[in-house]
Each structure stands twice: as structure tokens, then as C-alpha cells.
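Computed from the coordinates by the stated procedures, all read-outs in this text should not be read as laboratory data. The model shown is predicted, which means the values in this text are computed figures rather than measured ones. No Cβ is skipped: glycine too gets one built from the backbone with ideal geometry, and neighbour counts run over all protein chains shown.
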Amino acid sequence: MRRDETVKKWRDERRISGIPSTKRMISALSYRRLRTAGGEQVPVTTSDEVKSTLQGREVHDGWTRDYRTAENEAFYDLAFDYLATVFGKPDDGLTLDAGCGSSTKTIHLAKRGYRVVAADVSQGILDSGRHAVVARELDTLVTYRWADLTGMEFSTGEFVRVLCWGVLMHVPEVERAVAELARVTRAGGTIVISEGNMRSVQAVGLRWLKRALGRQRAEVRRVPAGVEFWEDTSAGKLVTRQADIGWLIGAFESHGAKLMERRAGEFSEIYTLVKPKTLRRAIHAFNSFWWRLRWPGLAFGNLLIFRKP
């Protein structure tokens with residue numbers, strides 16, 4: 001497809017609530033700039049810039065402060081008790097924690113007896129996670145590997161179970177990452193994906209509020225995979241995507257994975273934006289309540305469970 005045709009394709013994408021029509025994503029991320037038929041220059045950030053940001057510690061340390069809290073551990077206990085029923089009884093098969101970050105999910109898996117390969121693009125965060133696992137005496141169950149989700153060096157079908165929690169949202173070339181996650185999953189294996197839902201109450205509400213107040217600092221781009229927010233942070237360029245869940249399901253199914261279940265994760269992550277402890281506790285309590293309801297449509301967090309035939 002020619003460059004001007006590529007741009008026109010995304011300009012013809014349907015509008016969604018709160019997204020300015022002039023801000024569309026161009027998929028050809030290998031180009032620094034694309035020229036439209038009318039001569040307009042559209043800047044495009046390469047995935048290498050985002051990868052460089054993710055390889056540092058600063059952005060990971062921020063996520064750890066926001067999400068790895070005692071308040072949030074209660075939800076993770078609920079979620080991983082459930083995932084243990086999805087993954088089945090631990091055996092000799094390997095489980096991949098793709099984009100393991102601070103190793104919170106790795107630890108939850110290992111505590112339940114799974115043999116885990118924890119992989120991330122940041123060597124610094126892998127070293128930090130290794131220390132956390134050793135401190136909990138789980139190191140006999142966990143192996144750490146550096147890996148880029150868009151081109152992993154694992155063998156085809158190497159893993160019986162694959163978990164990718166809140167990671168694809170930060171990968172510009174998400175189609176390649178989806179293909180790789182499907183490739184490394186063994187026939188008969190299970191893939192669990194957790195992503196933010198662009199049509200959730202939180203996502204739609206915050207997009208409209210930021211637009212109305214003029215507080216949207218990120219560049220907003222509508223892409224087939226969802227709504228992307230591109231930011232220049234102190235650590236470097238970062239993308240965060242609210243997923244079009246329908247697109248994500250279709251992407252995995254196009255690589256041979258069959259959706260078995262879609263259910264709610266956390267209803268909202270707005271607790272990262274509020275300071276009063278009583279309000280944060282109330283949000284966490286509601287998240288636990290919504291988790292039991294399972295209804296994904298209004299929830300920000302969505303869990304997708306696939307089987308590889």
C-alpha cells in the first residue's frame with residue numbers, strides 16, 4: 001500500500017467518543033514521517049523509541065508505585081486463584097509471563113506451583129524481579145529471560161501457558177506481539193491476556209473530561225487496535241493503548257487461538273489518580289465486587305482467555 005493510501009485508510013476510520021477526527025494513527029511505524037495526498041506531514045514515532053523507554057527503570061518504578069500496593073494485592077489474589085483454575089494443575093510444562101515487569105504476576109504464578117519463564121525487554125527490571133523472587137524462596141520455579149515481545153527467541157510451541165498482563169498496551173507493533181504470543185504457545189495450551197477496554201466507563205469518561213477541560217497532554221491516535229496515547233515522559237517516548245477488545249480477539253483468532261472466555265478484570269484503575277485512602281479503598285472494594293459479576297463491557301480491565309487448538 002502506498003504511503004498516501006495508508007494515511008487515507010486511517011482517516012476513513014470511524015470516529016469514537018472523545019477522539020478528535022484529525023488525530024489518526026498511521027500503521028507504518030517504520031517511517032519517521034508520512035505525506036498525505038494533500039501534502040500534509042504526519043509525524044510518526046518509531047517503536048524503537050518506546051522500546052528504549054521501556055528498557056529503562058524509571059517507567060517501571062512508576063508503575064510499581066501505582067499498582068504494586070497492598071491494597072491491590074487482594075485483587076491479584078482473587079484473579080490468580082481464578083487463573084489457577086483456568087491454567088489447570090501445575091505440571092512440568094512451562095508458563096511464560098510475557099512482559100513480567102516487577103515480577104508481581106510471576107510471583108503469584110510461582111506461589112501456585114507453576115514453573116515460570118519471566119521475560120521482559122528491560123534487563124534492569126529483570127534483575128530487580130530476580131531479587132524479589134529469591135527473597136520469597138521461589139527461585140527454583142522461575143527462570144528470567146530478556147525478550148522483545150515482537151520477536152521472541154523462544155521455540156514455537158515452547159509454552160503450555162502464556163500470560164501477558166497489561167503489556168500489549170505499551171507495544172506499538174501490537175500485531176507482531178500477538179503473533180509471537182500465539183506462536184510460542186503449544187497446541188492445546190492457554191493464553192491469558194489482560195488489557196484496558198477503550199469502551200469502558202473509565203476510558204470514555206476520562207477521554208471526554210480531559211478533552212472538555214483541555215487537560216489532554218498526550219497525542220491521541222485512533223488505530224484499529226484501539227485508542228493510543230503518545231506521551232513525552234521524563235523517561236522518553238511512551239505509548240499506552242486502550243484496546244478495542246473486538247479487534248484484539250480477532251487478532252489472536254487470526255493466529256489460531258480460540259476465545260474461550262471474556263470477563264471483567266478491575267472495573268476501574270482510577271485509584272491511581274486519587275489520594276484519600278478511604279476513596280481508594282472504596283474503589284478497590286467495588287473492583288472486587290465487579291470481578292465477581294464478571295461483566296466485561298463496562299469494566300476497564302478485561303481478561304481474555306484463549307485456547308490454542
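Say each of residue 212 and residue 73 gets a label point 7 Å from the Cα, pointing the same way as Cα to Cβ; how far apart are those two points in nm?
That separation, rounded to one decimal, is 3.9 nm.
Compute the long axis of helix 70-87 from its Cα atoms, compare it with the longest principal axis of the Cα atoms of the chain, and write down the angle in degrees, 0 to 90, nearest 10.
Relative to the chain, helix 70-87 is tipped by roughly 80 degrees.
Calculate the length of the line joining the C-alpha centroid of region 240-308 to that of region 79-122, in whole Å.
Region 240-308 and region 79-122 have Cα centres separated by 18 Å.
For the cross-link pairs 105/277; 105/210; 210/277; 51/105, which exceed 28 Å when the distance is taken from alpha carbon to alpha carbon?
Working: 105/277 24 Å; 105/210 31 Å; 210/277 24 Å; 51/105 21 Å.
Cα-Cα > 28 Å for 105/210; rest within.
Between rounded, prolate and oblate, where does region 104-167 land on the alpha carbon gyration tensor, with a ≥ b ≥ c its root eigenvalues, rounded for a/c under 1.5, else prolate if a/b exceeds b/c? Can you show the working numbers first?
Working: a/c = 1.84, a/b = 1.29, b/c = 1.42.
Oblate shape, in that a/c is at least 1.5 and b/c is the bigger or equal ratio.
So who's got an amide H within less than 5 Å of the one on residue 226, skipping anything under 5 residues away but keeping other chains? H placed 1.01 Å off N, in plane.
244
How about residue 308: which aspartates and glutamates have a C-alpha closer than 19 Å to its C-alpha, ignoring those fewer than 8 places off in the same chain?
91, 92, 97, 158, 175, 180, 253, 261
On C-alpha positions alone, give me the angle between the axis of helix 174-183 and the longest principal axis of the chain, in degrees, nearest 10.
With both axes taken from Cα atoms, the answer is about 30 degrees.
Karplus couplings for region 199-208 from phi (6.51 cos²θ - 1.76 cosθ + 1.60, θ = phi - 60°), rounded to Hz, Gly and Pro as x?
Listing the rounded values in order: 9, 6, 4, 4, 5, 5, x, 5, 4, 5 Hz.
What are the ³J(HN,Hα) values, in whole Hz, obtained from phi via the Karplus relation 6.51 cos²θ - 1.76 cosθ + 1.60 with θ = phi - 60°, for each residue of region 289-299 in sequence order, with x given for Gly and Pro?
Calculated HN-Hα couplings, in order: 4, 5, 4, 6, 6, 6, 5, x, x, 8, 7 Hz.
Step through the residues of region 135-151 one at a time and calculate ³J(HN,Hα) from phi using the Karplus curve (6.51 cos²θ - 1.76 cosθ + 1.60, θ = phi - 60°), rounding each to whole Hz and writing x for Gly and Pro.
Residue by residue, region 135-151 yields 4, 9, 6, 10, 5, 6, 9, 10, 10, 9, 9, 6, 7, 9, 4, 8, x Hz.
For a quick protection proxy, order the peptides 161-170, 94-103, 235-244, 289-298 by their average other-Cβ count within 10 Å, most packed first.
Values: 161-170: 23.5, 94-103: 25.3, 235-244: 20.5, 289-298: 14.7.
Put in order of decreasing packing, that is 94-103, 161-170, 235-244, 289-298.
Quick one: net charge around residue 159, please, counting Lys, Arg +1 and Asp, Glu -1 for every other residue with C-beta under 11 Å from its C-beta.
Numbers: positive: 115, 161, 183, 186, 308; negative: 97, 158.
Within the 11 Å Cβ shell, the charges total +3.
For region 57-307, with only Lys/Arg (+1) and Asp/Glu (-1) charged at the beta-carbon, what is the dipole magnitude about the Cα centre, in debye rounded to 20? Can you show the working numbers first?
Details: 35 positive and 30 negative charges, 179 e Å.
Dipole magnitude for region 57-307 comes out near 860 debye.
Under the Kirkwood approximation applied to all pairs of distinct alpha-carbon atoms, what is the hydrodynamic radius of region 57-307 in Å? Write down the numbers at each step before the final one.
Values: mean 1/r = 0.0540 Å⁻¹.
Across region 57-307, the inverse of the average 1/r is 18.5 Å.
Given the -39500 (n - 2.57) contribution per DSSP H run of 4+ residues, what per-residue ellipticity at 222 nm results for the chain, rounded to the nearest 500 deg cm²/dmol?
Value at 222 nm, helices only, nearest 500: -11500 deg cm²/dmol.
Among 234, 254, 122, which one shows the biggest mean-square fluctuation in a GNM of the chain, springs joining Cα atoms closer than 10 Å?
So, out of 234, 254, 122, the one fluctuating most is 234.
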